[in-house]
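First the structure, in the form of structure tokens, and then the observations on it.
All of the numbers you see were taken from the coordinates with simple rules; none came from a lab. Just so you know, these numbers come straight off a predicted model, no measurement behind them. All Cβ positions, glycine included, derive from the backbone under ideal geometry; neighbour counts span all protein chains shown.
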Amino acid sequence: MAAGIACLFMLALVAGPAGAQTTEYMLTNGMKVIVKEDHRAPTVAHMVWYRAGSIDEVNGKTGVAHLLEHMMFKGTREFGAGEFSKRIASLGGRENAFTSRDYTGYYQQLHKSALAEAMKLESDRMHNLVLSKEEFEKEIKVVMEERRWRTEDRAQSLVMEQLNATAFVASPYRAPTVGWMNDLEAMTVDDAREWYERWYAPNNALLIVAGDVQPAEVLALAERTYGRLPARPLPARKPQIEPPQRGLRRVAVKAPADNPMVVMGFHVPALRDVERDVDPYALEVLSAMLALNDTGRFTRRLVREQRVANAAEAGYDMISRGPGLFLLMAVPAEGRTTEDTERAMRAEIARIATEGVPEDELKRIKTQYVAAETYKLDSIFAQAMEAAQLEITGFAQRDDARILERVRGVSSAQVQDVARRYFGDDTLTVVTLLPQPVGEKRAAPPAGLRH
Amino acid sequence: MLITRFPFPSVSRLLAFLMFAVLTLAAMPARAVLPIEHWTAPSGARVYFVRAPAIPMVDIAVVFDAGARLDPPAKSGLASLVAGMLDAGVPGMDEEAIARTLADIGAQRGASATDDRLTVTLRSLTSEAELAAALRVTERTLSAPTFPAAVLTRERERILQALREAQTKPETLAQQAFSSGLYGSHPYGRYATEASVQALQVADLTDFHKRHFSAARAVVAIIGDIDRARAEAIAQQLTGQLPKGQAAPVLPAVVRPSGGERRIAHPASQSHLLIGTPGIAWGDPDQFALLVGNYVLGGGGFVSRLYGEVREKRGLAYSVYSYFIPNLQPGPFVISLQTQREQTDTALAVVRETLTRFLRDGPTEAEVQAAKSNLVGGFPLRIDSNRKILDNLANIGFNRLPLDYLERWPDRVQAVTVEQIRAAFARHLKPESLVTVVVGAGAQPAR
């Protein structure tokens with residue numbers, strides 16, 4: 001076979017830093033373009049993100065953001081149903097799409113020579129989608145299967161779903177991204193169309209191309225494809241600020257399982273101002289201190305020393321469009337209860353609130369953050385995801401370095417301070433899993449999940 | 001939480017799937033596609049190295065022929081537990097000290113076991129102090145793990161609890177029945193149970209380590225920003241303290257199962273369906289025909305026949321796919337899906353009809369062309385990061401594939417014909433040997 005083809009596949013294992021050079025453009029229609037260069041291999045990741053997730057949904061129509069994501073593969077005025085995937089596949093591409101609370105994203109990973117075709121196809125379905133009743137009727141069934149698979153039959157998913165539904169009252173974060181089952185049952189193709197017409201506009205989208213590309217060439221392609229689509233006025237987004245919680249909320253979930261489990265959620269701030277905010281960075285460090293791999297205090301003390309838990313985790317995502325929630329999760333050890341693990345997890349936070357954090361422990365956490373920055377360079381895809389997430393949440397991708405710097409600057413006193421201020425009873429929601437035997441009879445589902 | 005359009009198989013499966021699907025290349029270039037250097041360390045371990053100077057880091061995998069298939073009967077779960085407890089202690093260091101040492105230098109270490117392999121991975125910065133410390137600890141965990149009794153007691157409790165939880169899940173029950181159905185008493189058919197894990201003692205771990213952790217059984221894969229001399233030193237350091245050892249014991253052959261359908265009642269809202277049979281081992285001459293054919297049947301993401309018939313046309317499932325896992329001995333061929341319990345038999349009939357038609361008529365010429373263009377065109381995606389290349393190196397080393405395996409791959413994919421696919425599927429997927437497992441609706445077979 002021709003040597004020319006071989007060259008296409010040759011890996012460029014060249015010396016020199018892989019630290020991605022990043023270039024930004026703004027198309028005249030308001031669509032932002034970000035290009036991250038990585039010339040190690042002749043591949044490219046092409047992504048389009050829409051600033052439309054389940055946070056933008058309204059009551060009765062939960063799950064529509066995700067349903068529309070599925071419908072985006074069902075054909076346009078130009079290409080028939082399934083044609084998008086067939087063409088990407090024939091180009092050697094891999095593709096998928098995802099929906100979260102904050103955004104909906106579509107991506108293809110391909111040889112760089114296929115980028116132009118992917119951009120043509122992706123920009124086509126941004127404005128040309130055909131939403132037929134027939135395709136909708138089939139796909140909504142697929143989505144209901146997805147909900148069963150993802151949530152209905154998984155005790156832990158039901159627990160998390162109840163945690164959000166209880167911790168949040170006004171914020172749309174209370175609804176699951178996949179949607180409540182009854183909302184899916186009642187959904188119509190018109191709901192999908194309304195969503196598409198409302199949010200799928202270039203000025204509500206972000207293009208990221210990462211890999212073995214030249215920024216000027218990507219820009220030229222972007223202008224010929226996405227750049228031709230007109231901007232559209234976007235509807236106003238209601239703030240839907242979560243009102244302050246005024247007292248402990250405690251909920252039980254009964255579901256088929258063997259191990260009990262407890263999840264606790266504390267209302268905390270998310271990052272809003274990279275320069276002025278302090279608490280989100282301190283909370284980030286606190287969560288790492290508790291649960292970053294085997295050296296975290298939860299594993300060290302709760303799982304290994306006290307044997308009160310068989311697993312214990314902490315989680316906090318400071319980058320989000322909606323309100324922040326600091327999570328603690330544990331599975332009690334044999335002979336211990338969820339009350340024991342709940343108490344033990346809160347005792348660890350109380351201890352940090354009283355004693356602060358030793359410098360060597362703080363340094364260990366930061367070392368791992370710094371090393372992870374280097375390791376991250378191995379995956380251009382992960383870098384593109386991270387950049388897009390920052391942009392879509394209202395930050396700039398270039399804030400990345402500054403955010404890490406701020407995390408590295410967190411002091412022991414700041415960790416102690418957030419441990420003191422955010423972990424009282426009044427902003428806490430606790431959900432406990434009460435395992436039910438897996439019998440011939442189905443365990444009763446928790447209220448609200450089914451009609 | 002991120003939810004995706006299509007669920008990919010669980011990580012370990014996915015890995016195996018990729019390793020099979022992975023090794024593709026379009027043409028035969030004068031230069032190697034991937035400049036793999038290979039040698040045998042003085043210890044006797046076989047080493048596979050690629051220099052990648054772009055990022056100041058190194059990835060290492062030490063792969064032992066010490067997978068779960070070598071678990072003694074009635075002690076299933078041993079290989080996994082050994083992997084999990086290598087870092088539970090070495091002379092002079094407890095688990096806490098080991099974890100801290102690695103964290104203090106930002107190194108990431110992992111260990112796990114599959115049916116065939118026991119793998120320890122290390123990712124470290126290449127700055128000398130960091131790398132030296134990471135290697136020192138990792139070497140100790142390979143050659144001198146102490147398996148402290150107190151840690152064993154704790155880990156056993158944790159595993160037992162996780163097993164009891166897993167036992168309530170339809171996917172676990174399905175997987176267990178499927179393994180037994182395919183492999184019977186062969187080691188590939190065994191799985192950890194409460195009794196087998198209860199039985200594990202320190203002596204079992206020590207003995208397993210002594211018998212199976214040897215240089216002769218080790219493959220070291222390395223990629224990163226180091227030169228050949230450093231790579232040689234690393235490979236020797238990591239394996240030099242191990243006994244020379246011998247090849248793994250020969251296991252009994254995999255016997256074709258008698259097939260049939262097994263139903264297990266479960267109240268979940270979805271039934272879990274698995275259909276399959278033992279497939280192929282590495283090096284099987286039909287490997288490429290099966291790879292291309294399976295892409296058409298159920299391997300090709302959103303464009304396979306199973307996806308089209310089950311999901312796209314009828315909305316019967318969110319997740320449906322098929323794959324082969326080549327192992328040292330014939331690994332499974334699997335079709336997997338989940339569907340609302342009330343429509344279990346409808347979905348099963350569609351899958352069977354799709355498979356039967358595929359086995360009878362084979363793929364069309366157009367389908368085979370589309371499969372080849374995806375597999376060959378998508379090749380660079382399979383080696384475009386250090387992590388992916390590391391997996392390929394480990395795979396080539398562990399399965400003793402030739403060094404030009406990658407270069408020859410595309411030609412071998414391109415050479416596959418419709419007729420070869422039909423013949424290969426007829427050879428390996430005998431309808432009378434297909435095992436069907438349904439966990440969910442109905443305790444009796446439908447027919």
Debye calculation, C-alpha points only, no solvent: report log10 I(q)/I(0) for region A:116-162 at q = 0.33 Å⁻¹, in the same order as the q values. -1.04
Given that compact globular proteins tend to follow 2.2 N^0.38 Å, what is the ratio of the alpha-carbon Rg of region A:151-275 to that value? 1.51
Using amide H atoms built in the peptide plane, which far-off residues or other-chain residues are under 5 Å from B:L337 H to H? B:L273
Give me the angle, in degrees from 0 to 90, between the Cα long axis of helix B:95-104 and the longest principal axis of the Cα atoms of chain B, rounded to the nearest 10. 90
The answer for the per residue Cα convex hull volume of region A:249-436, in Å³, is 133
Roughly how large, in nm² to one decimal, is the mean projection of the convex hull of the alpha-carbon atoms in the protein assembly as shown? 33.9
Label-reachable residues, region B:51-79, where backbone N falls under 13 Å from a point 7 Å from B:Q246's Cα toward its Cβ: none
Computed about the Cα centre, the charge dipole of chain A from +1 Lys/Arg and -1 Asp/Glu charges at the Cβ has a magnitude in debye, to the nearest 20, of 400
Could you tell me which residue out of B:L297, A:M318, A:Y226 lies farthest along the dipole of the protein assembly as shown toward its positive end? Charges go on the beta carbon: Lys and Arg +1, Asp and Glu -1, centred on the Cα centre. B:L297
Can you list which of the trypsin sites (Lys or Arg not before Pro) found in region B:259-339 are DSSP loop residues with at most 14 other C-beta atoms within 10 Å? B:K313
With the dipole of chain B defined by +1 on each Lys or Arg Cβ and -1 on each Asp or Glu Cβ, the option from B:A199, B:V418, B:L390 whose Cα lies farthest towards the positive pole is B:V418
Among A:D56, B:D227, B:D204, which comes first, second and so on when ranked by fewest other beta-carbon atoms within 10 Å? B:D227, B:D204, A:D56
So for the pair A:A396, B:E353, with labels modelled 7 Å out along Cα→Cβ, what separation do we get in nm? 5.8
Note down the relative contact order for chain A as a percent, whole number, built from C-alpha pairs under 8 angstrom at least six residues apart. 20
Rounded to two decimal places and with Rh computed the Kirkwood way over Cα pairs, what is Rg over Rh for region B:188-306? 1.07
Which is farthest toward the positive dipole end of region A:8-228 among A:G30, A:N59, A:H46, measuring Cα position about the Cα centre, with Cβ charges +1 (Lys, Arg) and -1 (Asp, Glu)? A:H46
Could you work out the Rg to Rh ratio of region B:247-397, with Rh taken as the Kirkwood radius (inverse of the mean 1/r over all Cα pairs)? 1.00
Residues other than B:V310 with Cβ under 12 Å of its Cβ, Lys/Arg counted +1 and Asp/Glu -1, net out at +3
Could you list B:T346, B:T168 in order of exposure, starting from the residue whose Cβ has the fewest other Cβ atoms within 10 Å? B:T346, B:T168
Cubic angstrom per residue, convex hull over Cα atoms of region B:252-310: 146
Translational diffusion of region B:285-365, µm² s⁻¹ [Kirkwood Rh, Cα pairs; Stokes-Einstein; 10 °C; 1.306 mPa s]: 121
Over all distinct alpha-carbon pairs, what is the Kirkwood Rh of region A:83-140 in angstrom? 12.8
Dividing the mean separation of Cα pairs under 8 Å (6+ apart) by the residue count of chain B yields a relative contact order in percent of 25
Cα radius of gyration and Dmax for chain B (Å): 22.6, 66
Return the FRET efficiency for the residue pair B:R211, B:A97: r is the Cβ-Cβ distance, R0 is 41 Å, and the value is rounded to the nearest 0.05. 0.90
Using a Förster distance of 22 Å, the FRET efficiency for B:A423-B:A253 (Cβ separation, nearest 0.05): 0.50
Where does the charge balance sit around B:I226 when Lys and Arg score +1, Asp and Glu -1, over other residues with C-beta under 11 Å from its C-beta? -2
Taking r as the C-beta separation of A:R408 and B:E128 and R0 as 30 Å, the FRET efficiency to the nearest 0.05 is 0.85
So what is the relative contact order for region A:8-228, in percent, with contacts set as C-alpha pairs under 8 Å and at least six apart? 37
Count charges around B:E96 for me, please; just the other residues with Cβ under 11 Å from its Cβ, Lys/Arg as +1, Asp/Glu as -1. -1
Cα-based radius of gyration of chain A once divided by 2.2 N^0.38 Å, which approximates compact folds: 1.05
Working from the pairwise distances between different alpha carbons, so that the mean of 1/r is found and then inverted, what is region B:72-130's Kirkwood radius in Å? 13.0
What number do you get for region B:117-222 when its Cα radius of gyration is normalised by 2.2 N^0.38 Å, N = residues? 1.37
When A:H70, A:H127, B:H38 are arranged by how many other beta-carbons sit within 10 Å of their Cβ, fewest first, they go B:H38, A:H127, A:H70
With no solvent and one equal point scatterer per Cα, compute the Debye intensity ratio I(q)/I(0) for region A:8-228 at 0.07, 0.09, 0.11 Å⁻¹ and report its log10, rounded to two decimals. -0.25, -0.41, -0.60
Run the quick spin-label model on B:H38 and B:D104: label points 7 Å from Cα toward the beta carbon, then report their separation in nm to one decimal. 4.0
Convex hull (Cα only) mean projected area of region B:344-408, reported in nm² to one decimal: 7.3
